[in-house]
Amino acid sequence: MRRDLLRGASDRTASSYDERFGEQQRVKFATALGRHPLPEGLLLDAGCGTGLIGAAAPDRSWIGVDLSRAMLRRAAGRGFGAVQADLDALPLATGAFAAAVAFTSLIDRESWDPALPELARVVRPGGLVLVTVLTHDVPGPPDVAGLALIDRFECGVDVGFAFSRL
Ligand SMILES: C[S@@+](CC[C@H](N)C(=O)[O-])C[C@H]1O[C@@H](n2cnc3c(N)ncnc32)[C@H](O)[C@@H]1O
């Protein structure tokens, strides 16, 4: 989907997002983080929306990236460092994060590329990349240099993929 259309859709959804999707997302967080605990260090929430995951791991330092300002305002209210950017071209330093998560944010796109290589780039060696996608969006992840797939799992209404940064 064109980025301006996606941004507009997210802007319009922001005020009702938590009420409509909060419970569904919390199930995904609990499932994924139960299988793959977050490593120590700075965390990236890629396509953070309203920053719901902050409530699931409130004692951690998060940077949230999203296209939507309305979403980011809410995430900032939850204590996130908020960056407006496209996941396909992250304005973030290489190796800066202990882990990157993308819960239901690789959406309305033809391919996980180049977002997944970007997540790989900003995570330090030994770090974790955790991605969930809606079941109908899954053909599966591309083979990305520097990432080893370590797990594929059912995750609420999503399918989850965990990668280790080599
Ligand atoms: C379904 S919401 C999920 C939000 C959050 N991850 C959660 O679990 O509650 C998807 C979010 O990803 C963002 N998003 C989708 N594609 C994006 C892109 N290419 N760059 C940045 N953000 C994107 C949307 O704006 C939206 O806020």
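Scoring 119-125, 99-105 by mean Cβ neighbours within 10 Å over their residues and listing the highest first yields 99-105, 119-125. Remark: spin-label model distance residue 137-residue 20 equals 1.5 nm, labels positioned 7 Å along the Cα→Cβ axis. Counting beta carbons within 10 Å around each of 11, 143, 66 and listing the fewest first gives the order 143, 11, 66. Among beta bridges from DSSP that stay inside segment 3-165, the antiparallel ones total about 45%.
Charges on Cβ only, +1 for Lys and Arg, -1 for Asp and Glu, centred on the Cα centroid of the chain; of 107, 162, 81, which one is farthest towards the dipole's positive end? So the residue we want is 81.
Among 36, 136, a tally of other beta-carbon atoms within 10 Å of each Cβ gives an order, fewest to most, of 136, 36. Using the rule -39500 (n - 2.57) for each DSSP H run of four or more residues, divided by the residues of the chain, the 222 nm mean residue ellipticity is -10500 deg cm²/dmol.
Starting from the Cα gyration tensor of segment 20-72, take the square roots of the eigenvalues, sort them a ≥ b ≥ c, and report rounded, prolate or oblate (rounded when a/c is under 1.5, otherwise prolate if a/b is larger than b/c, else oblate).
oblate
Can you give me the C-alpha center-to-center distance between segment 82-96 and segment 124-166, rounded to a whole angstrom? Rounded to whole Å, the Cα centres lie 18 Å apart. Debye sum, Cα scatterers, segment 3-165, no solvent: what log₁₀ I/I(0) at q = 0.16, 0.18 1/Å? Taken in order of the listed q values, log10 I(q)/I(0) reads -0.85, -1.12.
Only the coordinates and a few stated rules stand behind these numbers; no lab work does. Predicted model, so just to flag it, every value in this text is computed and none were measured. Virtual Cβ from ideal backbone geometry, glycine too; neighbours counted across all protein chains shown.
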